[in-house]
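Peer 1: Before I ask anything, here is the structure I am working with.
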Amino acid sequence: GLKTQFIIPVANGMKYETAMSLQFDGRLEGTNYFLEFGLGLMLPTFSSDTADDSYGGLIAEIGGSWYLVNESLSPYIGGGIAPRLIFSDDDGGPRLAVYGQFGLMFMRHSSSRLYTDVRVAQNVIPIEANNNDHLPTELTMAVGIGW
């Protein structure tokens, strides 16, 4: 399927641009869980003149989630890792984030599904901005469709 995300990076003492992503999202379903993998592109929105820095690049996701109920409308919780190739105003290279998510799958028992989730991702490899290393936390809202 396809997934789009709205990403708000937050770091102490920094103001980052928000970002958007578009990615392929694959989900392998089990009875009570799904395994997730994705590959896409994250781009800063350049929406503010007051932001100190921005970053984006190629992103991947590998994770899993567990359904809380086995219904057509099923909430889920999960987590995973997000390897990335990030480029910022001052830096660039491979990065890694870990994430936790809470979501809601619509029409779970049909061949086409819609879902939305909120995620908190923590960068574990610093991103340099303004001659300092930062570990931004990312607050994310995602919407996707799967076939």
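Peer 1: When the Karplus curve 6.51 cos²θ - 1.76 cosθ + 1.60 is applied with θ = phi - 60°, which whole-Hz ³J(HN,Hα) does each residue of region 138-147 get, with x for Gly and Pro?
Peer 2: Residue by residue, region 138-147 yields 10, 9, 10, 10, 10, 9, x, 9, x, 10 Hz.
Peer 1: Need one number: nm distance between label points at I62 and D90, each 7 Å from Cα along Cα→Cβ, rounded to one decimal.
Peer 2: Rounded to a tenth, the inter-label distance reads 3.1 nm.
Peer 1: If you don't mind, there's one more thing I want to ask. One-quarter of the Cα convex hull surface for region 1-76, in nm²? Please list the in-between numbers first.
Peer 2: Numbers: hull surface 25.3 nm².
Projected area, direction-averaged: 6.3 nm².
Peer 1: Mind jotting down the distance between the C-alpha centroids of region 58-112 and region 1-19, whole Å?
Peer 2: 14 Å
Peer 1: Okay, next question. Take the Cα of L41, step 7 Å along the line toward its Cβ, and report every residue of region 90-122 whose backbone nitrogen sits under 18 Å from that point.
Peer 2: Within reach of a label on L41: 93.
Peer 1: Quickly work out the M107-to-L139 label distance, labels modelled 7 Å from Cα along the C-beta direction, and quote it in nm with one decimal.
Peer 2: 3.1 nm
Peer 1: Once Rh for region 71-147 is found with the Kirkwood sum over Cα pairs, what is the Stokes-Einstein diffusion coefficient at 37 °C and 0.692 mPa s, in µm²/s? Present the calculation step by step, with values, prior to reporting the outcome.
Peer 2: Numbers: Rh = 14.2 Å.
The diffusion coefficient I find is 232 µm²/s.
Peer 1: Give me the one-decimal Kirkwood hydrodynamic radius in Å for the chain, with the sum taken over alpha-carbon pairs. Let's see the in-between values first.
Peer 2: Working: mean 1/r = 0.0638 Å⁻¹.
Final number for the Kirkwood radius of the chain is 15.7 Å.
Peer 1: Follow-up. Could you tell me what fraction of 2.2 N^0.38 Å the Cα radius of gyration of region 52-100 comes to, as a two-decimal ratio?
Peer 2: Values: Rg = 15.4 Å, N = 49, 2.2 N^0.38 = 9.7 Å.
Its radius of gyration relative to the 2.2 N^0.38 Å reference: 1.59.
Peer 1: While we're looking at this one, here's another question. If you count only protein heavy atoms with a 1.4 Å probe, what accessible area per residue comes out for the chain, rounded to a whole Å²?
Peer 2: For the chain, the solvent-accessible area averages 50 Å² per residue.
Peer 1: Starting from the Cα gyration tensor of region 102-147, take the square roots of the eigenvalues, sort them a ≥ b ≥ c, and report rounded, prolate or oblate (rounded when a/c is under 1.5, otherwise prolate if a/b is larger than b/c, else oblate). List each step's numbers first, then the result.
Peer 2: Numbers: a/c = 4.85, a/b = 3.90, b/c = 1.24.
It is prolate, given that a/c is not under 1.5 and a/b is the larger ratio.
The values are calculated or read from the model by the stated rules, or taken from the named source; none is laboratory data. Please read all numbers here as calculations on a predicted model, not as lab measurements. Backbone-built Cβ (ideal geometry, glycine too); neighbour counts: all protein chains shown. Surface areas here come from the heavy atoms of the whole protein model, side chains and all, with no ligands, DNA or RNA. Shrake-Rupley method; radii C 1.70, N 1.55, O 1.52, S 1.80 Å.
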